[in-house]
Amino acid sequence: MADMANFFLAWLDPWLLLLTAAGTFAGIYIGAIPGLSVTMAASILISFTFKWEVNEALALIAGVFVGGVYGGSRTAILLNIPGAPSAIATALDGYPLAKKGLAGEAIGLTTLMSVLGGFIGILALALLAPPISALALSFQSRDYLLLGLIGILLVGTLSGDFAKGAFAGALGVLIGMVGLDPMTAEGRFTFGTITLMGGIHYVVAMIGFFGVAEALIQIRQIDTAAVRQTVSRVIPPWGDVKRYLGLALRSSGIGTIIGALPGTGGDIAALLAYDQARRSTKNPEVPFGEGAKEGLVAPEAANNAAVGGAFIPMLTLGIPGDAVTAVIIGALFIHGLKPGPLLLTDTPHLFWFLVGALTLANIFLLIFGLTGIRVFTKIVECPKAILMPLIIVLSVVGAYAIQNNPADIYWMLAFGVLGYFMKLYGYPVAPVILGVILGPMMDENYRRAMIGARGDPLVFLADFATHPISLVLTVGFLLMLASQTPLWPGRRRPR
Amino acid sequence: MTRTRRAGELWFALALLAFALVALWQAYGIAGFASLSSPGIFPMLAAATMVGASLAVVRATARQAPGGTGRSFLAEVLPARLIMFLAFIAAFLAAMPWLGFMPAAALFLYVAIAALWRRGLVKPALVTALALACIYVTFRLAFQIVLPRGVLIPALL
């Protein structure tokens, strides 16, 4: 009970309150500016919060995450450019509404439903995380190995090309192996250099693959111009709120469940909720794709509900669901926390603090979401020619700040260039980051499980089939693997 | 319908395959097959996955219709503007140990913004000065982050 009181810590401490507000505000703008993703912002930001108190860092990051997921909808509605992948579905009906002169109303409705979705996701987090965590306490080393594999596999398959996703995930694991082996102190991929003995910090990889690579991609499209819309009334009519409440609740449920599945995040949640709304709405006032408000409410409620959902596997099992949660799990590790079943046992006060900070961030989202829209339209028009060089400078500061090591800057640039080519040729980069973070954990648990089986491969494999939790996870993993082969019903060999 | 591959896509897939093979060889060098719980086993598994996956990618990419020539590679994948921007970044990183972070960042920002934005020489200077002031106040003064110093003018950050 005393731990639950930490829920209000961010609400009552003025400094934490300010940091949550600043994070939410910054998240909205970062999420809104096309080319700046919340993953990019969080990965750069984490390096700066390295020396902060854990509560301060969590308050800021919670704000940036909640604000960033919402922020993408603003430019989707006003400019027809989704600021974040989770706002792709929002643009389908949001922009047509803006063209009809209803941009303000669309933004108002979006804000309200995003906040509602956010609250439902957080409620699910508060209710479900403790029992899942309690169950996960009985997990063995092999189960963690399987969870890691499932996480990477799920994120890897999202790109649609299994081979490219698998390559990216394995590359991440390999990067995570660089340095001295923590169990035997044997060098792995160090080439005899002292610089590599400490390994490659995952934040450096994150900044490279998300920050620098994205900046290089944006440089190619620097001349893309956007069309501005006029903004009138922002507060949505009460009749609209009542009318779409049921849809928003249903979509929030979808968002929470999808967000909680490792490998799926706000973008998938929003698209599925949009699809569900299109199927379930018999007679929309305006057809979908031409400015249907249902097409706006469903994805926005779902993508913000997915935030709370995504925290469930991350905090209870230590498995980040997508790129953003992979970055946030990195932040938790930096601050000495170990996301997983023991987090709620050892540091329950931090769990409740995070739940409180997320709730508070949603309240700030409501305030900032309904105000300052005219100023906002000016800010998001900041030319990419100014933004991209600035991102490079911030990335350099971020990479250097982690260990004050200039070599990290060169690694970051190398990852950035590699990430640029990977993105260009359709390789997903999120599995790389998941691999870098989960690789060492998987290696350690694999070896523990093998040592537990006394080095006998048959005993090792039999353990996966003879323990109930391991069996369920093994079957899940094999089914996911099989679904990527031509043997799976409905999946044909690509020609 | 057969997809057309992008210019340079097959070469990139082949480069990744070569990298994966080198990684597998290096991983084998850690401890070979000394035991199934040796420090080299997991890196070998990861590298073997990379080899298998990149072989599949090379096979799939090679089956696609060729999509471009050397000229289209430069236009599509490495346009002049991007090469110029990468050169600016390389110069920024090369200058940093000598000049220190702030002067090197000032030069990089000014040159990059002037070249990409094309609004004369005064506006980029103003934007650069404003951006650097924000960076200094936020990171050096507020966050107390140590920024790299240069050997030529060590007093300057």
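The values are calculated or read from the model by the stated rules, or taken from the named source; none is laboratory data. Small disclaimer: the values here were computed from a predicted structure and weren't measured. For neighbour counting, all protein chains shown are included, and Cβ atoms are generated from backbone atoms with ideal geometry for every residue, glycine included. Accessible surface is based on the protein model in full, side chains and every heavy atom, while ligands, DNA and RNA are left aside. Shrake-Rupley method; radii C 1.70, N 1.55, O 1.52, S 1.80 Å.
Here are some notes:
- Heavy-atom accessible surface of the protein assembly as shown, averaged per residue, reaches 41 Å², computed with a 1.4 Å probe.
- Mean Kyte hydropathy of 1.0 or more with a Cα span along the axis of at least 24 Å, helices from DSSP in chain B: B:9-31, B:41-63, B:80-99
- Measuring nothing but alpha carbons in the protein assembly as shown and taking Rh as the Kirkwood radius, the Rg to Rh ratio lands at 0.96.
- Long pairs among A:Lys164/A:Lys338; A:Lys51/A:Lys338; A:Lys242/A:Lys293, criterion Cα-Cα beyond 19 Å: A:Lys164/A:Lys338
- Between region A:391-412 and region B:1-63, the Cα center-to-center distance that results, in Å: 28
- Shielding by partners - mean other protein chain Cβ count within 10 Å, residues of A:391-403: 5
- Inter-site label distance for A:Phe8 and B:Ala90 at 7 Å from Cα along Cβ, in nm: 6.0
- Per-residue average of Cβ from other chains inside 10 Å of A:253-261: 0
- Partners for A:Lys384 among lysines (Cα-Cα distance below 23 Å; same-chain residues under 8 apart left out): A:Lys423, B:Lys123
- Of the residues making up region A:178-213, those losing 30 Å² or more of accessible area when the isolated chain is joined by the remaining protein chains, with a 1.4 Å probe, are A:Glu186, A:Arg188, A:Phe189, A:Phe191.
- Separation of the A:Lys242 and A:Ala462 label points, Cα + 7 Å toward Cβ, nm: 6.7
- Chain pair B, A: total accessible area buried, heavy atoms, 1.4 Å probe, Å²: 5200
- Radius of gyration, Dmax [region B:12-126; alpha carbons; angstrom]: 22.1, 66
- Placed amide H near A:Gly187: partners under 5 Å, 5+ positions off or other chain: A:Asp181
- The orientation-averaged projection of the convex hull spanning the C-alpha atoms of region A:446-491 amounts to 3.8 square nanometres.
- A:Leu487-A:Ile132 FRET efficiency (beta carbon distance; Förster radius 25 Å; 0.05 resolution): 0.20
- Shielding of B:96-104 by partner chains, average beta-carbon count, 10 Å: 1
- Residues of region A:441-481 buried by at least 30 Å² on assembly (accessible area, 1.4 Å probe, chain alone as reference): A:Tyr446, A:Arg447, A:Met450
- Using the Cβ-Cβ distance between B:Ser72 and B:Val22 with R0 set to 22 Å, the FRET efficiency from 1/(1 + (r/R0)^6) comes to roughly 0.15.
- Burial ranking of peptide ranges B:32-41, A:461-470 (average Cβ count within 10 Å, highest at the top): B:32-41, A:461-470
- Gained length - A:Ala414 relative to A:Thr345, 0.36 nm times residue gap less alpha-carbon distance: 20.9 nm
- The packing ranking of peptides A:63-75, A:355-367, highest mean first, is A:63-75, A:355-367, where packing means the average number of other beta carbon atoms within 10 angstrom of each residue.
- Computed over protein heavy atoms with a 1.4 angstrom probe, the accessible surface ordering of A:Glu294, A:Glu285, largest first, is A:Glu285, A:Glu294.
- Carbon and sulfur %, accessible surface of the protein assembly as shown computed with the full protein complex present, 1.4 Å: 69
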